[in-house]
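The values are calculated or read from the model by the stated rules, or taken from the named source; none is laboratory data. None of these values were measured; they are calculated from a predicted model. Reconstructed Cβ throughout: ideal geometry from the backbone, glycine too, with neighbour counts over all protein chains shown. Note: areas computed on protein heavy atoms with side chains; ligands, DNA, RNA excluded. Shrake-Rupley method; radii C 1.70, N 1.55, O 1.52, S 1.80 Å.
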Amino acid sequence: MTVVSTSSVMTIEPLGKDASASRLTPMTSRRSANLSFTPRSSTCDASSLTLVAATPDAAPDLWSRYVDGAWASYSRHGVTVALDIDEVASGATTSVFYVVLGEDGTMLGGVRAQGPYTVVEQSHVLTEWENSPGLDIVTAQLQARLPQGIVEMKSAWVGNGGSGRVVSGLLARTALPTLHLVGARYLFASAADHVLRQWEASGGRIDTSVPAAAYPSDQYRTRMMWWDRQTIAREARAEVWAAMQLDAMVLNGPSDYSSAVA
């Protein structure tokens, strides 16, 4: 996953143009296949920012702004190789997306979720690690978690119009609402180590068993992070967990967000 910001580059990779046919297989799940909703907003009390969730088909204008922002950010950092813009723009593989808006409506960043996967080949991390040590570990982890549902956060970006760390922190909080929206147990992302460290506050943990991949180029060291719906409540920082629950209740509706997967 490549998050691109003025201060850092995070990788949430979409499917590459050289992806095999199996990686372009339409994704279905007991929930995400039918997800479609217009924008839902959660105001962040600690700032003047708003976190918005929607699906591409139900919010085409917002989706277009998100895609434009992603392309601009990736272009600015010279990593458009990690963004298959045609595949992303179609919205076909996106279950839900999130954007952060400023007080004046300026879009400051965004991220999208893909999955739950039906086969591990749908994840772009296999391409990210294909020329680096650890591909066998990554593949085995995806296979082991697949039956309980895995969803991937991708194509994240942070723009110029706000505090990069604050916006990145809000995007990290989307882990909880995403897991509940799509009905998966596991959520994962691939990114630069220093960016993932910022996301640990939301309950994700870097998988140290997987060696860093030189992706999207030799100058980057991409790592994997996993969130587990059954442990996220105790792994997240207390104040972030409280904020995540509020976000989830606003974006998803009332639920017991500390409960395990049904």
> With N residues in the stretch 115-222, what two-decimal value do you get for its Cα radius of gyration over 2.2 N^0.38 Å?
Replying inline: 1.08
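Rank by packing, highest mean first: peptides 243-252, 120-129, with packing defined as the count of other Cβ atoms within 10 Å averaged across residues. Working shown, then result.
Numbers: 243-252: 20.4, 120-129: 22.5.
The densest-packed peptide leads the list: 120-129, 243-252.
Highest mean first, how do 185-193, 100-108 rank when packing is the count of other Cβ atoms within 10 Å averaged over residues?
Peptide ranking by packing, descending: 185-193, 100-108.
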> So what's the gap between the Cα centers of the stretch 205-254 and the stretch 65-96, to the nearest angstrom?
Replying inline: 21
>> With a 1.4 Å probe and all protein chains kept in place, how do Leu135, Leu179 rank by accessible area, largest first?
In response: Leu135, Leu179
>> Given an 8 Å cut-off on Cα distances and at least 6 residues of separation, report the relative contact order of the stretch 103-202 as a percent.
In response: 37
